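The values are calculated or read from the model by the stated rules, or taken from the named source; none is laboratory data. Values in this document were obtained by computation on a predicted structure and should not be read as measured data. All Cβ positions, even for glycine, are placed from backbone atoms using ideal geometry, and neighbour counts span all protein chains on display.
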């Protein structure tokens, strides 16, 4: 996975700008003192066989089956990368706010599981994910729809405004290969990387197939499903009308 992440980074930076090819998307950003960096990338499993195998690894199915069944689609495939010194933050949020259009995701609270695999050690110093344990029981919270979570500071005051105890936050300390799971309503975010090491995280989100009109198959009756053929509609609404490849501002 480390080698695959490196290849994706090199491929992304060679373009010099953020770009899209159907569901595959590379988000590049300028980091003060560092220059252009790969911030995150979506659906790179279409490009990297090693990452494609991980998304449908039978060991993941063993974790997912008791939670969301044997027929499972995938709606998130992302790598996140914070190099040393990266200021990038993700403010506290719930994944449910990104599951749009809502009619495409039925019974979301019982049907969706997000997974994150640590590629590097994940600690507070290098911008590990932080969560509020038990916050999924609060249901969907009233976030400001005009305020995105990406590039927002990890501010505990946001929790206080939602009536959540700011001191309940826990850092997901992970070692390479560890898998974290969280609910669609779990409050979470991540801070900057103030350390001297990378913080790379491979995120895959899964849903009960019968309750989702979108996504790529991951497991049918427990059998792993490779990515093949035409790409399916996930979140990029112009997949069929403006597929690219193209640079993106």
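Key figures for this structure:
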| item | result |
| --- | --- |
| Count of segment 10-35 residues which are free of Cβ contacts under 8 Å to residues at least 24 places away in the same chain and surrounded by 15 or more Cβ atoms within 10 Å (Cβ to Cβ) | 4 |
| Failed criterion for residue 83 (all others in (1) in contact with a strand residue (DSSP E or B) (Cβ under 8 Å, 6 or more places away or on another chain); (2) under 18 Å from residue 216 (Cβ atoms) hold) | (2) |
| Failed criterion for residue 160 (all others in (1) in contact with a helix residue (DSSP H, G or I) (Cβ under 7 Å, 6 or more places away or on another chain); (2) outside any loop (DSSP other than H, G, I, E, B); (3) within 21 Å of residue 1 (Cβ to Cβ) hold) | (3) |
| Segment 99-117, subset in a strand (DSSP E or B) and more than 12 Å from the chain's Cα centre (by Cα), residue surrounded by the most Cβ atoms within 10 Å (Cβ to Cβ) | 112 |
| Answer from 60, 67, 51 - the residue that is surrounded by 22 or more Cβ atoms within 10 Å (Cβ to Cβ) and under 26 Å from residue 132 (Cα atoms) | 60 |
| Which listed residue, of 223, 160, 210, is at pLDDT below 95, exposed (fewer than 14 other Cβ atoms within 10 Å of the Cβ) and out of contact with any strand residue (DSSP E or B) (no Cβ under 8 Å at 6 or more places or on another chain) | 160 |
| Hey, residue 193 part of a loop (DSSP other than H, G, I, E, B), in contact (Cβ under 8 Å) with a residue 12 or more places away in the chain, in contact with a strand residue (DSSP E or B) (Cβ under 6 Å, 6 or more places away or on another chain) and under 25 Å from residue 39 (Cβ atoms) or not | yes |
| Exclusive hit being without any contact (Cβ under 8 Å) to a residue 40 or more places away in the chain and either out of contact with any strand residue (DSSP E or B) (no Cβ under 9 Å at 6 or more places or on another chain) or in a loop (DSSP other than H, G, I, E, B) (or both), set 241, 186 | 241 |
| Count of segment 163-183 residues which are more than 17 Å from residue 134 (Cα to Cα) and touching a strand residue (DSSP E or B) at 6+ places or on another chain (Cβ under 6 Å) | 4 |
